[in-house]
Each structure stands twice: as C-alpha cells, then as structure tokens.
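Notes follow the structure.
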Amino acid sequence: MTINRPSHGEIIRIGAQSVAPGQSAVIELPIAQLYTRTAMNLPVHVVNGLHPGPRLFISAAIHGDELNGVEIIRRVLQQKALRRLNGAVIAVPIVNIFGLIQHSRYLPDRRDLNRVFPGSQNGSLAAQLAYILLEDIVKKCTHGIDIHTGALHRSNLPQIRANLDDAVTLELAKAFGVPVLINSTVRDGSLREAAAENGVTMLLYEGGEALRFDELCIRAGVRGVMQVMRKLGMLPQRRLKSRMQVEPFIARSSSWVRASLSGIFRSYKDLGDYVERGEILGTVSDPSDMFIDQGYEIRANDSGIIIGKTKLPLVSQGDALYHIARFADGNEVAANLETFQQAFNGDNVSSGQINPEIDPEVPV
C-alpha cells in the first residue's frame, strides 16, 4: 500500500491550539451551551508522532447512546505502542456529548448527527457540530475509523462496513481483522459520505448494542484499530503473527427478517449463527394465550449468517428481528466466527500474563 507522507513531522493545529511532533494534547473545542448556561465542549485527543506518516481520526458516539467506541478509544490511547507512532492519531471519543448525557441517539433538536454532514457553521445545532467535526478533524486527516453499535435493544456482530470496491479501503478493512465485511454504500449526509468527498479513506466498525459495553466487541475494536495503524505504517509491524488472525469474508448482500405479528418474541438463534433459508429462527406468540398458543414461526428469508438481532422480547408487527448477511460459503464464515469468538473470550486470557485492556494484541 502506498501512502503519501510529508517529508518531516508536522505541527497539528486544531482550534486555537497546536501540537508539535512528539507531543500529545487534549483540545477542548467549544460547541454550545446547555439552557443552564453550562458550556459544552468537544474533547479531542491528539497524539502527534515524532516521525511523519498518515493522520488517522478515530471517532465514537456520533450517536450518543453508542458507548463501545468510547471505551475502545480509551484503550487505544493507553497503548504503549503509540510512543513509536509515525504520523498522528486524532481521537474524538464522544462526538455527541448531548446525546450521551441524555442516553439518546439524537441531539436535543432530535436530529441524527450522522445525517447532516457536511453541516453548516450557522445552521442547527446538529449542523454546527457536524461542521466542526468535518472542518477541524476529518479534513486534517488522511484516514478515519468511525465506531458504532447496534441501535437500542439491538445487537450487532463485530463487522466492518465500507466501500470495499476501493482497493485501498478493502486492504484496510481486511487488516482490521473481523470476520465479516459489508460492502456498504454511503448514506446521504453521513460522516462516511463527507469523508469520501474530501478524499479521506474511512472504515465504519460496528459491534454490540446501544447503552451497553460488549467486551468481545471492545477487544476486537481495539485490536482492529491497532492493526489498521500497522497496515498504514503508523506503527511497527509485529514480529510474531497473532494466533487471533482470522480470514475476513465479504457479504454479498443482507436483509432483515421482520415480525409478521405483534407479541412475545422467543429467539432460537444468536449472532454469528449460520441459518438456512426457511429455517425456524424463533416464534412470536400472543402473551395472553401463552399456555395454549405455540406462536407464529419466524423463518429465515435466505441462507446466511446472523449479523444483527433484536434483544427485546416485546415486538410489534413489522419490527426487525434478525439481520442476515449472505456469503458465498456461509458454513466457512460460521466456523471462522467461532474461532474469532473463542479468541476474544475473556476465559481464554491467562490471568497475570496478559492485560487485554492495555495490550490486547498479545496472542491469547
């Protein structure tokens, strides 16, 4: 992979602050005030390597209830390997601080921040925040990783979504090291669309559920970010090949299985399971007749891997229950997923030998 680099380390300027090569800083970008006149800032963590290299932004909590990315960024910034960084890491662990305070996906104006890019300097609160993130962070970087989870009461298998038709993006997606890659088109007004329009190569990592920490997804995310930095030449390559290495598979397409009736949902399948077309995935039954009614059977609309599912047993007609991704060889993907899940299972980490929070790249 060829990376365009400056001939020497560069000063990074964000807002009114500068970070020289070899230095780190936390920069508070002013956003707005709450109606209590409490000032709200956007914390930006900058690690500027002594040597030249790509600039990688890492963002999380664009949706304020998606918390896994906040913890992933915290652990990444603790990595001792960053002392040998080439280029720079610009991390924004909480983009939507307003939503995080309210345990909400949205901003106070009920807008989805990931639908208003490139934003506007004088627009709505959402538009202004999008503008700040794009102008002060994204446009100053060469690459980016945006971290998400499933929606409220919905969990996602660890996965990368990106424009996999682009060769450079595909290389980085494979380097991240999760088994499932989704070739995803950009949504209008999304950060990924704005990054692409400004020539910034970007990955979107999804895993887990809103308002919850998922340790497997967090560990996989930390390791993935570090591996992308190694692929970009921002960090030295590891001497030993990790035993957690998995072969990623690209989904050809995906679709949701929805509830045909309202009622109590009982699931028979979990994330990562391979299912055949027509296979029973669960049932929805009338809660008032639960001792008589066996329930309406929910069947797979195609063969594939479950990459997302609802966690809520109360469903209404039309609710999304399972997200199934289709692969050329679903059985092989399922076997690879089992290896992946075992590798990141906390029970496999030897106590006293490995601290997965500080050094998750050590092979288990």
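The values are calculated or read from the model by the stated rules, or taken from the named source; none is laboratory data. Being a predicted model, the structure only gives us computed values, none of them experimental. Heads up, the Cβs are rebuilt from the backbone with ideal geometry, glycines too, and the neighbour counts pull from every protein chain shown. Surface accessibility is based on the protein's heavy atoms, side chains included, excluding ligands, DNA and RNA. Shrake-Rupley method; radii C 1.70, N 1.55, O 1.52, S 1.80 Å.
Would you mind stating whether A126 is among the aliphatic types (A, V, I, L, M) and in contact (Cβ under 8 Å) with a residue 24 or more places away in the chain?
No, not satisfied.
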Selection count, the range 173-183, where residues are surrounded by fewer than 23 Cβ atoms within 10 Å (Cβ to Cβ) and either part of a helix (DSSP H, G or I) or hydroxyl-bearing (S, T, Y) (or both): 2
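Check the range 1-19 and report whether any residue there is open to solvent by less than 10 Å² (accessible area, probe 1.4 Å) and closer than 23 Å to R223 by Cβ.
Narrowing the range 1-19 to residues open to solvent by less than 10 Å² (accessible area, probe 1.4 Å): 12, 14, 19.
Checking which are closer than 23 Å to R223 by Cβ leaves us with none.
Scanning the range 1-19, I find no residue that is open to solvent by less than 10 Å² (accessible area, probe 1.4 Å) and closer than 23 Å to R223 by Cβ, so the answer is no.
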Evaluation of R277 against (1) surrounded by fewer than 17 Cβ atoms within 10 Å (Cβ to Cβ); (2) modelled with pLDDT under 90; (3) in a loop (DSSP other than H, G, I, E, B) (one fails), failing number: (2)
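Here is a yes/no grid of residues against (1) surrounded by fewer than 23 Cβ atoms within 10 Å (Cβ to Cβ); (2) more than 21 Å from the chain's Cα centre (by Cα); (3) in a strand (DSSP E or B):
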residue: H45; (1), (2), (3): yes, no, yes
residue: I58; (1), (2), (3): no, no, yes
residue: G64; (1), (2), (3): no, no, no
residue: G123; (1), (2), (3): yes, yes, no
residue: I147; (1), (2), (3): no, no, yes
Qualifying residues in the range 125-145 (those that are touching a Ser or Thr at 6+ places or on another chain (Cβ under 8 Å) and part of a loop (DSSP other than H, G, I, E, B)) - the one surrounded by the most Cβ atoms within 10 Å (Cβ to Cβ): I137
Any hit, the range 183-197, residues being basic (K, R) and within 18 Å of L337 (Cβ to Cβ): no
Which listed residue is open to solvent by 10 Å² or more (accessible area, probe 1.4 Å), among the β-branched types (V, I, T) and assigned to a helix (DSSP H, G or I), from V168, V186: V168
Residues of the range 318-358 satisfying the condition of being out of contact with any Lys or Arg (no Cβ under 7 Å at 6 or more places or on another chain) and modelled with pLDDT under 75: N345, G346, D347, N348, V349, S350, S351, G352, Q353, I354, N355, I358
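Answer with yes or no whether L50 is of a type outside the set (V, I, T) and touching a strand residue (DSSP E or B) at 6+ places or on another chain (Cβ under 6 Å).
Working: of a type outside the set (V, I, T): yes; touching a strand residue (DSSP E or B) at 6+ places or on another chain (Cβ under 6 Å): no.
For L50, the condition - of a type outside the set (V, I, T) and touching a strand residue (DSSP E or B) at 6+ places or on another chain (Cβ under 6 Å) - is not met.
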Qualifying residue in the range 93-113 (condition: within 17 Å of S59 (Cα to Cα), of a type in the set (D, E, K, R), modelled with pLDDT of 95 or more and part of a helix (DSSP H, G or I)): no
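Please specify each residue of the range 253-264 satisfying the condition of being in a strand (DSSP E or B), modelled with pLDDT of 95 or more and open to solvent by less than 50 Å² (accessible area, probe 1.4 Å). Talk me through it step by step, then tell me what you get.
Taking the range 253-264 first, the residues in a strand (DSSP E or B) are 253-258, 263-264.
Now drop any that are not modelled with pLDDT of 95 or more, which leaves 256-258.
Scanning the range 253-264 gives a single hit, V257.
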Residue within the range 86-105 that is over 21 Å from K140 (Cα atoms), open to solvent by 30 Å² or more (accessible area, probe 1.4 Å), of a type outside the set (V, I, T) and touching a strand residue (DSSP E or B) at 6+ places or on another chain (Cβ under 9 Å) present: no
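Got a number for residues in the range 303-314 being open to solvent by 10 Å² or more (accessible area, probe 1.4 Å) and either in a strand (DSSP E or B) or closer than 23 Å to S262 by Cα (or both)? If you could, list the steps in order and put the result at the bottom.
Of the range 303-314, the ones open to solvent by 10 Å² or more (accessible area, probe 1.4 Å) are 303, 309-314.
Okay, now just the ones that are also either in a strand (DSSP E or B) or closer than 23 Å to S262 by Cα (or both), so 309-314.
Final tally of qualifying residues: 6.
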Residue match in the range 199-215 (condition: among the acidic types (D, E), more than 17 Å from the chain's Cα centre (by Cα) and open to solvent by 20 Å² or more (accessible area, probe 1.4 Å)): no
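Take the residues in the range 161-218 that are of a type in the set (S, T, Y) and at pLDDT 95 or above, then tell me which one is nearest to Q128 (Cα to Cα).
Here is the first cut: in the range 161-218, the residues of a type in the set (S, T, Y) are 169, 184-185, 190, 201, 205.
From what's left, at pLDDT 95 or above: 169, 190, 201, 205.
On the way: T169: 28, S190: 14, T201: 23, Y205: 24 Å.
Going through the qualifying residues, I end up with S190.
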